[in-house]
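The values are calculated or read from the model by the stated rules, or taken from the named source; none is laboratory data. Fair warning: this is a prediction, and the values are worked out from it, not measured in the lab. No Cβ is skipped: glycine too gets one built from the backbone with ideal geometry, and neighbour counts run over all protein chains shown. Accessible surface is based on the protein model in full, side chains and every heavy atom, while ligands, DNA and RNA are left aside. Shrake-Rupley method; radii C 1.70, N 1.55, O 1.52, S 1.80 Å.
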Amino acid sequence: MLTNDQLSQWDRDTFFHPSTHLAQHARGESANRIIKTASGVYIEDRDGNRMLDAFAGLYCVNVGYGRPEIAEAIADQAKELAYYHSYVGHGTEASITLAKMVVDRAPANMSKVYFGLGGSDANETNIKLVWYINNVLGRPQKKKIISRWRGYHGSGLITGSLTGLGLFHAKFDLPLAGILHTEAPYYYRRPDLNMSEADFTAHCASELEAMIEREGADTIAAFIAEPLLGTGGIVPPPAGYWAAIQPILKKHDIILIADEVVTGFGRLGTMFGSAHYDIEPDIITIAKGLTSAYAPLSGSIISDKLWKVLEEGTDTYGPFGHGWTYSAHPIGAAAGVANLKLIDSLGLVDNAGITGAYLNTTMEAALADHPHVGEVRGEGMLCSVELVRDRDTRTFFDAGDKFAARVVAAMLKRGVIARAMPQGDIIGFAPPLCLTKSEADTIVSATVDALNEVSA
Ligand code: PLP
């Protein structure tokens, strides 16, 4: 067996890690943590450290680690048929079954699903679909896409442009032209502290409408948004947000893409986040929870109305020129089928609602009086803690203090993995949906202890 030293050396010498400070990593100044095995909500590294993964990998291992049902489905599929493509009408039992299961679970107006590999490529597909649709409808100038500051939609060229976080733009010449960003629905960081929540919702809506009018509604094709801001800080929308935004989109004939890569398949305590917030999207992006990350697979769920335009387009212009070699990969599809069955049989959507609420209320109660906690917020099995220098004046820490990162490091020493979100001092929690109340207690007490240690 290879030694840890050998692997660490190879890692630094050859492995280009995503979202990593490359120079520090190469110099050995940051950890290279080599994960070996996992079960339930716990992962274990090669040094034998066992950690409660309160972020489910990258909020994706929704059913928890080490599920034999999914592992066996993958192995069986690999033995029977590791691969066949899905071009020109080909399919497999797994990919067709999964399509049926996804559409059965989706909102009633959704009728088809296209399968990709990850959330980024699914959103890339979505933008191509929107452009294609507007070309077929004879309105080629209606192509711009509105996203939100702090939204996260991937890190490709188009999807990194849609993402509204500086880290994903700087030095990459992004965002590309034609991608616009409107106000983040982030009440805690409202521009004026005197604004009520209702006023802030109205402000978000009027900012959006002003942008549409400024650019011309005939140039705006789509609005893309997560039901609840994820990577931008785990921020539930202000009250009434979706009820205020959707009529504006309808009025200007703008397609709504709900990016449910995080919220799809139960994380908010409903099968889709759209149901939780009464959102009626035209397209839904899915990934992570579709297979609980046991294999890479994503999807774009399309409304019946848009599907009719796509069909019409191919009658006029010929076959739809889009697809990946690995679209609807049978191994991913087999993982997806087993995963969705498990979500149902274990009642994980309900557990996300119940135990998620417990995690949020326990966290809130434990940190209510902490001088460096500005806000505890969340929904379902998502929770975040916003850390501030001074909670009364809402003064944030300097970025250089790396306050949240230090708290997360102190939590790791206590055997709990949380995530320092990329922009601001925000600690994020997104445990597997199978979390128990006693595991939630472990997360909360590690957070309190770590925060006290770093604050001192
Ligand atoms: N959309 C959302 C809402 C996400 O949170 C993510 C990833 O975290 C993506 C898209 C991109 O997915 P992927 O990393 O699989 O490309």
Item to check | Residue among 95, 130, 240 farthest towards the positive dipole end of the range 69-345, charges placed on Cβ | outcome: 130
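For residue 369 and residue 72, compute 0.36 nm times the residue count separating them, minus their Cα-Cα distance, and round to one decimal in nm.
My answer for the length gained is 102.1 nm.
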Checklist outcome for this item: Computed for the chain: size of charge dipole around the Cα centre, +1 on C-beta of each Lys and Arg, -1 on C-beta of each Asp and Glu, debye to nearest 20, value 520 debye
Checklist outcome for this item: Taking only the alpha carbons of the range 234-297, the radius of gyration and the largest Cα-Cα distance, Dmax, both in angstrom, are 12.9, 41
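Reported to two decimal places, what Rg/Rh ratio describes the chain when computed on Cα atoms with Rh from the Kirkwood expression?
Details: Rg = 22.0 Å, Rh = 22.9 Å.
Result: Rg/Rh = 0.96.
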Checklist entry - What 222 nm value per residue comes from the helices of the chain, counting each DSSP H run with n ≥ 4 as -39,500 (n - 2.57) and dividing by all residues, nearest 500 deg cm²/dmol? => result -12500 deg cm²/dmol
Next on the checklist: Could you work out what % of the accessible surface of the range 69-345 is carbon and sulfur, using a 1.4 angstrom probe and leaving DNA, RNA and ligands out of the count?
Outcome noted: 57 percent
Next on the checklist: Once you keep just the Cα pairs under 8 angstrom separated by 6 or more residues, what percentage relative contact order results for the chain?
Outcome noted: 20 percent
Checklist entry - Sorted by mean Cβ packing within 10 Å, highest first, what order do the peptides 240-248, 148-156, 168-176, 331-339 take? => result 331-339, 148-156, 240-248, 168-176
Checklist entry - For the range 43-73 and the range 331-358, what is the separation of their Cα centres, given in Å? => result 14 Å
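Using the beta-carbon distance between residue 346 and residue 173 and R0 = 56 Å, what value does 1/(1 + (r/R0)^6) give for FRET efficiency, to the nearest 0.05? List each step's numbers first, then the result.
Numbers: r = 45 Å, r/R0 = 0.81.
Working from the Cβ atoms, E equals 0.80.
Taking the Cβ of residue 269 as the center, what net charge do the other residues with Cβ under 13 Å away carry, scoring Lys and Arg +1 and Asp and Glu -1? Walk me through the intermediate numbers first.
Working: positive: 267; negative: 350, 379.
Combined, the nearby Lys, Arg, Asp and Glu give -1.
With an 8 Å cut-off on Cα pairs and a minimum separation of 6 or more residues, tell me the relative contact order of the range 1-140 in percent. Intermediate results must be reported in sequence, preceding the final value.
Values: 71 pairs, mean separation 13.3, N = 140.
Worked out over the range 1-140, it gives 9 percent.
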Checklist entry - Label 7 Å along Cα→Cβ of residue 196; the range 219-258 residues with amide nitrogen under 14 Å? => result 239-240
Next on the checklist: Can you give the local net charge around residue 200? Use residues other than it whose beta-carbon is closer than 13 angstrom to its beta-carbon, Lys and Arg +1, Asp and Glu -1.
Outcome noted: -3
